[in-house]
Structures are given as C-alpha cells and as structure tokens.
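Remarks on the structure that follows.
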Amino acid sequence: MKELVRKTFGSLVFIMALCLTFSVFGNVNAYALDTLRKGNSGDQVLYLQHTLAKCNVGFTEAEIDGSFGGKTEVALKRFQMGCKLPPSGVVDSDTWTQLSGKTDVKAYSLARDGNTRVSANFKVGEFACSDGSDFILISNNLLGVLENIRSRFSRPVKINSGYRTTAHNARLGAVPNSQHRYGTAADIVVDGVSGKDLYEYADKNIPEIVRGGLGAYYQPGHKDDPNFRSNMIHVDVRSTRARWTDGIR
Ligand SMILES: [Zn+2]
C-alpha cells in the first residue's frame, strides 16, 4: 500500500512538473484579445494583419496599416473558411485561437504575465513597451535568437527596446513600419561585448538574422565612424534580409 501511494505520488509529481514546464514557458496567448471587426484600428489590428500576411489569404505585409478595412475583412473571411469557421469577418475568440496557431508571435499581458518566463533566460516584462502599455507581443523566433546570443557570449542580454506600440514607436522617431511593433525585434546590449562583435556574430551565425534584420547604432552625427559605434544592436526576425547603420528602427 505504502509502495502504491509512493508510486502514485511520484507520477503525480512528475505530471505536475510536466504541466509546470509547459505553463512556465507559456506558449499561450495569455492576453484577452479584443473582438475585432471592420472599422476597428490600433495595435491589435496590426497584430491581426501581421498574422494574416503569413496565411496565404491574399493579404501582404505591404498592406499592414493598423486599420481594419475591406481588404482585411476579405482576407479574414478567407482565413475563416480555410479553418472551417463561420466566415463572419469578425475576429472572435475562436478565430484568435486559430490565428495564433499560424504565427510565432504571441500576445501577453504585462500585469498578468510580466514575471512569466517565455524562454530559459527571458521574462515577458523585459519586452514591455516603455510607455507602460499592458499589451505585449513577443516572437518565439526572436526568443530563439536572443537565447543563441546569450549562450554564445555566456552573459545576460539586456533588452533596451522590445515591443513598441505604434504610438510609442512614433514618439521615438523610429521608422513607421518598425518590426518592434510586431514583437519581432529587440535592441540589445551584452555587458562587456562590443556592438561590432555582437553585430558580426549575428550577421554570420544566426540563421534567423542572416535572412532577417540587423542594424548597428552610432552616436548621432557619427554614422559609420567606429569610434562612435554604440554597443547596442537591433535584431529582428522578419522574412526578408535587411541591413542598415543609420536611424532608429
Ligand atoms: Zn530596433
């Protein structure tokens, strides 16, 4: 009897540990996303459009504008039909569930998930927009890139800018179509590692960056002058290659 209890308890603990593992690296949309329909606009519409652009439903990244108009509605209805959902053209919770399965970008709440780990070395709160917005987007592919850098240099990676709301992105004077608005970009520094070394490592050794976005920062007025190169770099996991050494992106 004692043995049975011990065994049962042992497997219970094992199952509980398993559940904990899955919930700790919560690949779930913890954020209660709004019901969206034609006429809506804002950061959740941007997330919707960024996801639709990955779904082969006739909506491209070039059409992402944060406004839920006719094109978004047509693409959404196509998506819903493809998932055997009623083609209502309205993003309800069932539609959000299907959409979130099509993207590496997940939505989180700062209040609820701020201290939740999203990968071995990063917490949700580290990606929060500095305007204090509760809504946060984080790409799992981006997390892979950051863990890669963490492990290569064996030092903490500090995120100076992760997710940005459209409003905050504009206040910073960053390019309007910044990848930070999709949760796919981070501006990072690693203590004791130069911007040049970080850039060169990411440029050549991280597949998501080889085919994605990478930017160097220089002090204003000193573009491309190695004496004024910042230790911060920008990495993003967009689907096309991009390189630059000027401006905030
Ligand atoms: Zn950036």
message: Please check: in the Gaussian network model of the chain (C-alpha springs, under 10 Å), which one of ALA62, ALA170, ALA202 has the largest mean-square fluctuation.
response: ALA62
- prompt: When DSSP assigns beta bridges and you keep just the ones with both residues in the chain, what percent turn out antiparallel, to the nearest 5?
  reply: 90 percent
statement: Hits for the chain under the membrane-span-like helix rule (DSSP H, Cα axial span at least 24 Å, Kyte-Doolittle mean at least -1.0) are 2-24
- prompt: Rounded, prolate or oblate: which one fits the range 27-103, using the alpha carbon gyration tensor with axes a ≥ b ≥ c (rounded when a/c is under 1.5, else prolate when a/b beats b/c, else oblate)?
  reply: rounded
query: Which of the lysines could a cross-linker span from LYS158 if the Cα-Cα distance has to be under 26 Å and same-chain partners fewer than 8 positions apart are dropped?
result: LYS106, LYS123, LYS196, LYS204, LYS223
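What number, rounded to the nearest 500 deg cm²/dmol, is the helix-based mean residue ellipticity at 222 nm of the chain, given -39500 (n - 2.57) per DSSP H run of at least four residues and division by all its residues? Don't skip to the answer; put the middle values down first.
Numbers: 9 runs with 94 residues, N = 249.
Estimated from H runs of four or more residues: -11000 deg cm²/dmol.
Let a ≥ b ≥ c be the square roots of the eigenvalues of the Cα gyration tensor of the chain; is it rounded (a/c under 1.5), or, if not, prolate (a/b larger than b/c) or oblate?
Values: a/c = 2.12, a/b = 1.12, b/c = 1.90.
Taking the square roots of the gyration eigenvalues as a ≥ b ≥ c, the chain is oblate.
Throughout, read-outs are computed from the coordinates displayed, never taken from laboratory work. Just so it is clear, the model here is predicted, and its values are computed rather than measured.
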